[in-house]
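Questions regarding the structure given below will be posed in turn.
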Amino acid sequence: MSNLQTPITPELAEYIRGVSLREPELLRQLREETAARPDAGMQLSPEQGQFLGMLIRLTGNRRAVEVGVFTGLSSLHVALAMPPEGRLIACDINPETTAIAQRYWRAAGVADKIDLRIGPATCTLDELLMEDEGVFDFAFVDADKENYQSYYERVLKLLRPGGLAAFDNVLWHGKVIDESVQDADTRAIREFNARLHLDDRVWLSLVAIGDGLTLALKR
């Protein structure tokens, strides 16, 4: 036993993928198509996607919301893991990238599970709160970092007690511990992490997978 975390070198990361990643062909195709884009850094890692699917399968979640679709890799993992009656509301502002997502949702046979809402996510979440407060099982947030706290407050209200929220990029490529980095996104992530640490409305865990994934379970 050890109380120290094993440093993940590129070689060890490759080994981890080699012995644990089970990536269906369609998911691999989407990931590789997205990797060729200049904004490919916005895509979550394949092991993160697989982890999200595991969370959905463990909990049997049926109602989910996603903030930040990009080309649809995370939503595809979630929708594939949900039961047939599962529904995901996917929020994004970019019709061009979400068109790619929709193409893969259709190819995977899960398009009927996903309700894409184009527009500012805060507005979409506010609309949902007027109808469905406290009924969602799961939320995944991977969008503009300066709004993380705003998204958090809204999805926390949307979740039922025992519902789970996941927030990506909370390690921000290591910049969160570099005080010489003071751009708005980095400061927002630092503040978000610090606030959640003290928030007794949730049980909390930060998982060092990909660029860091915070799990907040609503009490």
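The values are calculated or read from the model by the stated rules, or taken from the named source; none is laboratory data. Model, not experiment: these values are computed from the prediction. Glycine gets a Cβ as well: all are built from the backbone with ideal geometry, and neighbour counts include every protein chain shown. Surface areas here come from the heavy atoms of the whole protein model, side chains and all, with no ligands, DNA or RNA. Shrake-Rupley method; radii C 1.70, N 1.55, O 1.52, S 1.80 Å.
Any idea how far apart N94 and E32 come out in nm if each label point goes 7 Å out from Cα toward Cβ?
Taking the two extended label points, one gets 2.2 nm.
Now, a different point. Pick out the long, greasy-scoring helices in the chain: whole DSSP H runs spanning 18 Å or more along their own axis by Cα, mean Kyte-Doolittle at least 0.0.
Details: long enough: 46-59 (20 Å, 0.18); 95-108 (19 Å, -0.68); 184-197 (20 Å, -0.81).
Within the chain the helices that satisfy the rule are 46-59.
Counting Lys and Arg as +1 and Asp and Glu as -1, each charge on the Cβ, what is the dipole of the chain about the Cα centre in debye, to the nearest 20?
On the way: 24 positive and 33 negative charges, 131 e Å.
Result for the chain is approximately 640 debye, rounded to the nearest 20.
Moving to a separate point now. What FRET efficiency would be calculated for the residue pair A208, E146, taking the C-beta separation as r and a Förster radius of 25 Å, to the nearest 0.05? Walk me through the numbers on the way to the answer.
On the way: r = 23 Å, r/R0 = 0.93.
E(calc), rounded to 0.05, equals 0.60.
Give, as ranges by residue number, the residues of the range 47-63 whose backbone N falls under 13 Å from the point 7 Å along Cα→Cβ of Q5.
No residue passes the distance filter.
Further question: Report the dimensions of the range 132-219 along its three principal axes from the alpha-carbon atoms, largest first, rounded to Å.
For the range 132-219, the Cα extents along the three principal axes come out at 41, 22, 21 Å.
log₁₀ I(q)/I(0) of the chain at q = 0.12 Å⁻¹, via Debye over equal Cα point scatterers, no solvent, to two decimals?
-0.63
Quick check for you: with a 1.4 Å probe and neighbouring chains kept, what is the accessible area per residue of the chain, in Å²? Can you show the working numbers first?
Numbers: 11230 Å² over 219 residues.
With the other protein chains kept in place, the chain gives 51 Å² per residue.
How are the C-alpha pair distances of the range 20-78 spread across 10 Å bins, as whole percents from the shortest bin up?
Computed distribution, short to long bins: 22, 54, 22, 2.
Now for a separate question. Using a Gaussian network model on the chain with a 10 Å cutoff between Cα atoms, which of I177, I209, I189 fluctuates the most?
Sorting by GNM fluctuation, first place goes to I177.
Then there is this: Residue separation times 0.36 nm, minus the C-alpha to C-alpha distance between R87 and L129: what's the value?
Net length gain for the segment: 13.5 nm.
Let me ask you something else. Over the range 115-158, with every protein chain in place, what whole percent of the accessible area is carbon and sulfur at 1.4 Å, could you tell me? Please list the in-between numbers first.
Values: 850 of 1900 Å².
Here it works out to 45 percent.
How big, on average over all directions, is the shadow cast by the Cα convex hull of the range 40-153, in nm²? Walk me through the numbers before you get to the answer.
On the way: hull surface 27.2 nm².
Average projection, Cα convex hull of the range 40-153: 6.8 nm².
When Lys and Arg each count +1 and Asp and Glu each count -1, what net charge do the other residues less than 15 Å away from L128, Cβ to Cβ, add up to? Write out the running numbers ahead of the final one.
Numbers: positive: R63, R87, R117, R154, K157, R160; negative: E66, D92, D115, D126, E127, E131, D132, E133, D137, E153.
Summing Lys and Arg as +1 and Asp and Glu as -1 gives -4.
Here is a follow-up. Using helices alone, I'd like the mean residue ellipticity at 222 nm for the chain: each DSSP H run of four-plus residues gives -39500 (n - 2.57), total over residue count, nearest 500.
Working: 8 runs with 96 residues, N = 219.
Helices in the chain give a 222 nm mean residue ellipticity of -13500 deg cm²/dmol.
Still on this structure: Tell me, how many Å apart are the Cα centres for the range 22-36 and for the range 166-219?
The range 22-36 and the range 166-219 have Cα centres spaced 27 Å from each other.
Can you check what the net charge comes to around P161, using other residues whose Cβ is under 9 Å from the Cβ of P161 (Lys, Arg +1; Asp, Glu -1)? Intermediate results must be reported in sequence, preceding the final value.
Details: positive: R160, K218, R219; negative: none.
Summing Lys and Arg as +1 and Asp and Glu as -1 gives +3.
In addition: Distances longer than 20 Å among the Cα atoms of the range 85-140: what percent of all pairs is that? Provide the component values of the computation, followed by the final result.
On the way: 421 of 1540 pairs.
The share of Cα pairs beyond 20 Å in the range 85-140 comes to 27 percent.
May I ask for the net charge around Q50, where only other residues with Cβ less than 13 Å from the Cβ of Q50 are counted and Lys, Arg are +1 while Asp, Glu are -1? Before the final figure, lay out each step's value.
On the way: positive: R17, R22, R28, R31, R57; negative: E23, E47.
Summing Lys/Arg as +1 and Asp/Glu as -1 gives +3.
Among I56, I8, V69, pick out the residue whose Cα is farthest towards the positive end of the charge dipole of the range 8-74, where Lys and Arg carry +1 and Asp and Glu carry -1 on C-beta, about the Cα centre.
I56
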